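The values are calculated or read from the model by the stated rules, or taken from the named source; none is laboratory data. These numbers were taken from a predicted model, which means no experiment stands behind them. Every residue, glycine as well, gets a Cβ built from its backbone with ideal geometry; the counts of neighbours run over all protein chains shown.
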């Protein structure tokens, strides 16, 4: 017992010094007989115990901002608006790095046993930047605004399923058209920032209840913030000021980090990661997430309406090589369904699909394809390295006797003229917090973004049934069966899951790997502090 | 009326006419792009309903001719409209960025123009000898280097090896003049390297051309020193070609530096234009395009007028 104590103390010390990730910590302490829940809590305490320092200005240099950006959270789509909104905004709830729900404006969440009615108790006394406090009415007005098609909200698909919204005192009640056990995860969507009056009058005002208030908003150039003095949660929001600089050029962004002009950068080019590892004062954080790169086939168009041909192509791609060459080793091979270990209820029973020229040739022969070229469309902007990846795919497929041909398309108009239009092309997905949302967005028969035109009655039935299933084991089994169907019959070729690769200065404390999104799911500037 | 005045007025009128023609061309060019604003904004998220909603909201359903005249009328009354993508007032956004563009161009010009002319004069004075070869060699090397290579080179040299400047050159209102100068140092260096050679070579060639004339021989025979001859007799007669090249380079410094802006994250018009082109934000693209065209036309007009004024035959017609 004594010995165990010593080991536990040592591991807590390691965690305090930031030398151990949550996963390692939990794994090693549970080996000592500590329960996983307790281990996770211990780690949180240890990480906090790194003694957050207050004050200073944290500067971020980021790719993914344009002068066309707006502060309206409904239309946020790229990285900078995401990070910016996470700085001034606050949602009902957020998702913790370990996949549990982090209560923010909601203080308590409960559901009816059939998961069709949800109650959110609103935290009292949460102040907006301009004064006034968050009310249940604001929450309902915010959700209502996102249901209006004119708001062009990226969360429209999420709020559409809510048939009734009611505010009573400090309680918000949402009734759904169908059961959904994942509703809290959906409410953690980054578009759903609670705004005064729902943001109806001026959606792009940038006024919310988040830890910082907007000072300068120059889209495509910089965004600056100052600490919201009356922020309700004293455990985060350490710096006095935050500055987000838009530096879209890779080299300039890296140089800015090296020279100390900024403290954190996103999107480190995998090609230079090895070089940066040797630079003093800079740490590379490669975090496994849910984002993935894909080649998508329309299963309703020839020749991809033939499952044998689809299987031939799935066996004709060399996933390991792609992770090495396209991601510089910073990622994991995919298995032709869009879910990985970063999702709750992930089933790891599936064998990794490998490159197998013999099997590919066999399926190809079975498909009876006439031998005409199979055209794969790609563009530099489809995902980083998409052109190289397509060429690698063509080379390995040709070696198996499949006449795969790459057609290079311009970036300009790729998402309107090629993606979702042409039967076979390269694309990417950023992932979603839960399996239901990912499948609902792109694989349900009726989904707007069903970019493989996949229609499978059994799959749809399982997806809808799983929403109302509160028994986790049963639910996991359903998701597992869906993964199996998609993997063996779908139009999706998923060669790799890409890591989020960020560069962080040594002067930053409090970094935690977060699979939910880049730069600690958009909250790095809020949760980290300056040691210098 | 003085004939010079008539000439100048003619040039100005011609310039305005040209600008009107350019506005039509810009509008047509933007119309001809594939896809429309709604599609470009929605990108991967475009569903037929969302597209229809957005088109209606943005007035993209109206015929092109109507939209052209609405736009032209707006410009004449100083109203450039609002950006389709984020609803920001275009005149306001452009105002600050145009200021930054002119600041960067101005800083580069203040160094590059005198330097190029002096180097050109020296090269002409020692034509064919080592100072000429050295100057030509160096400036031709720097102009041959693509801008982004030069930019990465100075970033490496002056922020990593000798850390005296910062790689990201953004300037903001409220920064002191010296802080702004410090911020733009690297892009200014790159731009000077890029524009130097063209102006230097033109000065040299124009001077050498004049040096063939009989009156230069006379000056030599009078016993004047070579530098005096160049400065007093050759240079005034070489002004017209030099000015036109200088103006072309100034125009380039204003409208053509988008690569340098991107590399240094400099918040000026070029980057603003590119962002809005990729999003098919027609009002912004047209407004910036028109401003760029106006700069070109104005500077070329200025070169013409200076050329006229520097020519005694035009100044004192018989």
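Screening residue A:464 with (1) within 23 Å of the chain's Cα centre (by Cα); (2) within 27 Å of residue A:77 (Cβ to Cβ); (3) modelled with pLDDT under 95 gives one miss only, at (2). Residues of region B:147-165 that are under 30 Å from residue B:202 (Cα atoms) and touching a helix residue (DSSP H, G or I) at 6+ places or on another chain (Cβ under 8 Å): B:147, B:148, B:150, B:151, B:152, B:154, B:155.
Filtering region A:193-205 to residues that are at pLDDT below 95 and part of a loop (DSSP other than H, G, I, E, B) leaves A:200, A:201, A:202, A:203, A:204, A:205. Among the residues of region B:225-243, at least one is under 30 Å from residue B:154 (Cα atoms) and away from every other protein chain (no Cβ under 12 Å).
Candidates are the residues of region A:153-164 that are buried (at least 16 other Cβ atoms within 10 Å of the Cβ) and within 20 Å of residue A:450 (Cβ to Cβ); the one that is farthest from the other protein chains (Cβ to nearest Cβ) is A:161. Just a yes or no: is a residue in region B:61-76 at pLDDT below 80, within 14 Å of chain A (Cβ to nearest Cβ) and more than 23 Å from the chain's Cα centre (by Cα)? No, every residue in region B:61-76 fails to be at pLDDT below 80, within 14 Å of chain A (Cβ to nearest Cβ) and more than 23 Å from the chain's Cα centre (by Cα). For region B:264-318, the candidate set comprises residues that are away from chain A (no Cβ under 14 Å) and assigned to a loop (DSSP other than H, G, I, E, B); within that set, the residue that is farthest from residue B:24 (Cα to Cα) is B:318. For the structure I just gave you, tell me whether residue A:172 is part of a strand (DSSP E or B) and more than 30 Å from residue A:513 (Cβ to Cβ). It is true that residue A:172 is part of a strand (DSSP E or B) and more than 30 Å from residue A:513 (Cβ to Cβ). Restricted to helices (runs of 4 or more DSSP H) entirely inside region B:174-259, those with at least 2 residues that are in contact (Cβ under 8 Å) with a residue 40 or more places away in the chain, under 25 Å from the mean Cα position of the chain (by Cα) and surrounded by fewer than 20 Cβ atoms within 10 Å (Cβ to Cβ) are B:177-211, B:235-255. Scanning region B:86-105 for residues that are at pLDDT 90 or above and loosely packed, with under 15 Cβ neighbours inside 10 Å yields a single hit, B:99. If I ask for residues that are in contact with a helix residue (DSSP H, G or I) (Cβ under 8 Å, 6 or more places away or on another chain), at pLDDT below 85 and surrounded by fewer than 24 Cβ atoms within 10 Å (Cβ to Cβ), which ones from region B:275-290 would you list? Within region B:275-290, B:277, B:278, B:279, B:283 qualify. Would it be correct to say that residue B:151 is surrounded by 19 or more Cβ atoms within 10 Å (Cβ to Cβ), within 30 Å of residue B:227 (Cα to Cα) and under 23 Å from the mean Cα position of the chain (by Cα)? No.
Of all the criteria given as (1) closer than 27 Å to residue A:201 by Cβ; (2) buried (at least 18 other Cβ atoms within 10 Å of the Cβ); (3) within 23 Å of the chain's Cα centre (by Cα); (4) away from chain B (no Cβ under 13 Å), the one not satisfied by residue A:147 is (2). The criterion of at least 3 residues that are touching a helix residue (DSSP H, G or I) at 6+ places or on another chain (Cβ under 8 Å), under 25 Å from residue A:268 (Cα atoms) and more than 14 Å from chain B (Cβ to nearest Cβ) is met by the following strands (runs of 3 or more DSSP E) wholly inside region A:325-438: A:331-333.
When A:188, A:167 are checked against the criterion of being surrounded by 15 or more Cβ atoms within 10 Å (Cβ to Cβ) and farther than 22 Å from residue A:82 by Cα, A:167 stands alone in meeting it.
If you go through region A:224-260 and pick out every residue that is surrounded by 19 or more Cβ atoms within 10 Å (Cβ to Cβ) and within 12 Å of chain B (Cβ to nearest Cβ), you end up with 15. Being part of a helix (DSSP H, G or I), out of contact with any strand residue (DSSP E or B) (no Cβ under 9 Å at 6 or more places or on another chain) and modelled with pLDDT of 90 or more holds for only one residue in B:14, B:42, B:51, B:28, and it is B:14. One residue stands out among those in region B:154-168 that are without any contact (Cβ under 8 Å) to a residue 24 or more places away in the chain, more than 10 Å from chain A (Cβ to nearest Cβ) and part of a helix (DSSP H, G or I): the one that is farthest from residue B:188 (Cα to Cα), which is B:161.
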